[in-house]
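**Student:** Take a look at the following structure, please.
The values are calculated or read from the model by the stated rules, or taken from the named source; none is laboratory data. Remember, it's a predicted structure, so these values are computed and weren't measured experimentally. Cβ coordinates were reconstructed from backbone atoms using ideal geometry, including for glycine residues, and neighbour counts include every protein chain displayed.
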Amino acid sequence: MRRTRSTMGGRRAVSLSPFLLVSLSLFTGCDLPGKPSIDDRPKPADLVKDFDTLYSMRCAGCHGANGKLGPAPPLNDPVFLAIVADGELRHVIAEGRVVSAAQKTPMPAFARANGGPLTDVQVQVLAEGLKKRWQPAAPADVPPYLGKAGGSRVEGARVFARACAECHGKEGEGVVRDDKRHRRINDPAFLALISDKALRRIIITGRPDLGMPAYDGSADRPADFHPLTSGQIDNVVALLASWRK
């Protein structure tokens, strides 16, 4: 320590070295400029339990920043959230979607038990947070999320002709109308990447973010069109599944 003593009007002045000043500030508890707080420090990935952060990191890339207008079906869909059971929602997040035991879709398994990056707590945060963020609401007679296996593709073709062909073509080949191209859905690549459950869900909810009508929508459908029943939806799913081959 370097001290310099001088006399100013009978008083002594003491100058301290910079090193001593820094040491004193540390011991007295004063924060140095730019020192981060504990809350600002990054958390380990498995300790993140905030829905917004988890959704942004794991879901927004496919389902959209606000749950819509992504390449995957929207999560900001009150009808979907109303018909999907809490357990099924958690199951899909944890285990992903598959077409068959040997064929997976782009929806991955997020639970660590299935090779994913999230803890069980984080999976639960996402599953619960979706309905809290985008409140579910649906008509009382909406078809259930889960259907029955073994639908008839022959009957499905009849339903498809009335409910879907106007936009997707008689054989699902897609059409161009009003300078807009409507999606081809008899594409094996597309069908290989989507499960039967997801097909049923889209038929029920439509794609409101892209203008596709729901099971009861009247747009681009005959004047005497009636909302699709659960059995009719099963049959359309059977038809679409047959096009995978």
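**Student:** Checking the conditions here, which among Ala189, Ala219 is surrounded by fewer than 16 Cβ atoms within 10 Å (Cβ to Cβ), under 22 Å from Pro139 (Cα atoms) and at pLDDT below 95?
**Tutor:** Matching residue, one of Ala189, Ala219: Ala219.
**Student:** Sort through Ala109, Ala101, Ala94, Ala82 and tell me the only one that's surrounded by fewer than 18 Cβ atoms within 10 Å (Cβ to Cβ), free of Cβ contacts under 8 Å to residues at least 40 places away in the same chain and either hydrophobic (A, V, I, L, M, F, W, C) or touching a helix residue (DSSP H, G or I) at 6+ places or on another chain (Cβ under 7 Å) (or both).
**Tutor:** Result of the check over Ala109, Ala101, Ala94, Ala82: Ala101.
**Student:** Under 6 Å between Cβ atoms, at least 6 apart or on separate chains: pull out the pairs that start in region 150-177 with a residue that is within 20 Å of Gly206 (Cβ to Cβ) and β-branched (Val, Ile, Thr) and end on any residue that is assigned to a helix (DSSP H, G or I) and modelled with pLDDT of 95 or more.
**Tutor:** Once the first residue is within 20 Å of Gly206 (Cβ to Cβ) and β-branched (Val, Ile, Thr) and sits in region 150-177, its partners that are assigned to a helix (DSSP H, G or I) and modelled with pLDDT of 95 or more give Val159/Gln232; Val159/Asn235; Val159/Val236.
**Student:** Check whether at least one residue in region 223-242 is assigned to a loop (DSSP other than H, G, I, E, B), of a type in the set (A, V, I, L, M, F, W, C) and in contact with a strand residue (DSSP E or B) (Cβ under 9 Å, 6 or more places away or on another chain), and report yes or no.
**Tutor:** Looking for residues that are assigned to a loop (DSSP other than H, G, I, E, B), of a type in the set (A, V, I, L, M, F, W, C) and in contact with a strand residue (DSSP E or B) (Cβ under 9 Å, 6 or more places away or on another chain), one finds none in region 223-242, hence no.
**Student:** Continuing with the same structure: May I ask you to list the residues in region 190-232 that are within 18 Å of Asp77 (Cβ to Cβ) and in contact with a helix residue (DSSP H, G or I) (Cβ under 7 Å, 6 or more places away or on another chain)?
**Tutor:** Leu199, Arg200, Arg201, Ile203, Ile204, Thr205, Ala214, Tyr215, Leu228
**Student:** Has region 137-151 got at least one residue that is farther than 24 Å from Gly67 by Cα and surrounded by 14 or more Cβ atoms within 10 Å (Cβ to Cβ)?
**Tutor:** yes
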